[in-house]
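The block underneath contains the structure these notes are about, expressed in structure tokens.
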Amino acid sequence: MSKRACLFCGANTGASATIVEETQALCDLLIAHDYDLVYGGGRDGLMGVIAEQFLKADRQVIGVRPLKLIKEEPPHEAISTLIAVEDMFERKQRMMELSDVFIALPGGIGTLDEIIEAYTHFKLGYTHKFCGILNTGNFYGGLNDLLNHMVEKAFLKQEDKEKLVFSSTPRDLMAAILAF
């Protein structure tokens, strides 16, 4: 039976071709390990890139999108399933229910919010699902520094900090998922 990877990412592709290439490489690895996709339902940016990658491989693609965003930014038309929700809170809840692993790719503040909430649920024991970050080009280096600072100042335990896996390559991230 297929597993589902929830990929949090931006509605833009960013300013680095490497980000797109590494995103596609991670998608290929997830597909090779029998994962379907749960994501934000968008057609633009990295969201569009990941949806296309999974669709080309004939995998299930589930988009979870708030009604407000459906009106403002049309969803990807070719995805397998679009789940319309009221707001971002419900979106995250549905994504967490539907998914087996959570991965943040480069993105904006929404992406950061999504991975931090999934990680918080894991850290507190509300879920026991892998949480990781594809840290292409050290995109999330500042977040890693902040978490290390929290450990240093005794606001976060080192073992809890390690529950959010930072990987600089798709291959390393896939290895961490498989070892989980």
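Let's see how each residue does on (1) over 16 Å from the mean Cα position of the chain (by Cα); (2) not hydrophobic (A, V, I, L, M, F, W, C):
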{"site": "LYS56", "(1), (2)": "yes, yes"}
{"site": "VAL64", "(1), (2)": "no, no"}
{"site": "LEU67", "(1), (2)": "yes, no"}
{"site": "SER99", "(1), (2)": "no, yes"}
{"site": "ASP113", "(1), (2)": "no, yes"}
{"site": "TYR119", "(1), (2)": "no, yes"}
{"site": "TYR126", "(1), (2)": "yes, yes"}
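Limited to segment 49-91, what total is found for residues that are among the basic types (Lys, Arg) and more than 22 Å from ILE115 (Cβ to Cβ)? Lay out the reasoning, then the answer.
Step one: of segment 49-91, the residues among the basic types (Lys, Arg) are 56, 59, 65, 68, 71, 91.
Going one step further and asking which of them are more than 22 Å from ILE115 (Cβ to Cβ), we end up with 56, 71.
Residues that pass the stated criteria total 2.
Here ASP87 fulfils each of the conditions (1) within 15 Å of the chain's Cα centre (by Cα); (2) over 22 Å from LYS129 (Cα atoms) apart from (1).
Look at segment 102-122: where a residue is surrounded by fewer than 19 Cβ atoms within 10 Å (Cβ to Cβ) and assigned to a strand (DSSP E or B), no partner that is at pLDDT 95 or above and of a type in the set (S, T, N, Q) sits 6+ places away or on another chain with Cβ atoms under 9 Å. Restricting attention to segment 123-136, the residues that are part of a helix (DSSP H, G or I) and either at pLDDT below 95 or closer than 20 Å to PHE89 by Cα (or both) add up to 1. Each residue in segment 60-75 was checked for being closer than 17 Å to ASP100 by Cβ and surrounded by fewer than 20 Cβ atoms within 10 Å (Cβ to Cβ), and 1 of them qualify.
Of all residues in segment 57-69, none that is within 10 Å of SER80 (Cβ to Cβ) and touching a residue at least 60 places away in the same chain (Cβ under 8 Å) has its Cβ atom under 8 Å from the Cβ atom of a residue that is buried (at least 21 other Cβ atoms within 10 Å of the Cβ) and of a type in the set (Ser, Thr, Tyr), 6 or more apart or on another chain.
Determine, yes or no, whether GLY48 is touching a His at 6+ places or on another chain (Cβ under 7 Å), surrounded by fewer than 20 Cβ atoms within 10 Å (Cβ to Cβ) and closer than 18 Å to VAL61 by Cβ. Here the answer is yes, as GLY48 does meet what is asked. What do you reckon, is LYS129 in contact (Cβ under 8 Å) with a residue 12 or more places away in the chain and either surrounded by fewer than 18 Cβ atoms within 10 Å (Cβ to Cβ) or not hydrophobic (A, V, I, L, M, F, W, C) (or both)? Yes. Please verify whether GLU114 is closer than 17 Å to VAL38 by Cα and modelled with pLDDT under 95, treating the condition exactly as stated. For GLU114, the condition - closer than 17 Å to VAL38 by Cα and modelled with pLDDT under 95 - is not met. Scanning segment 138-176 for residues that are surrounded by 14 or more Cβ atoms within 10 Å (Cβ to Cβ), touching a residue at least 60 places away in the same chain (Cβ under 8 Å) and part of a helix (DSSP H, G or I) yields a total of 3. Just one residue in the set GLY132, GLY108 is out of contact with any helix residue (DSSP H, G or I) (no Cβ under 7 Å at 6 or more places or on another chain), within 18 Å of GLY10 (Cβ to Cβ) and small (Gly, Ala, Ser); that residue is GLY108.
The values are calculated or read from the model by the stated rules, or taken from the named source; none is laboratory data. Because the structure is predicted, anything quoted here is derived from the model rather than measured. When we count neighbours, we look across all protein chains shown, and the Cβ atoms used for this are built from the backbone with ideal geometry, even at glycine.
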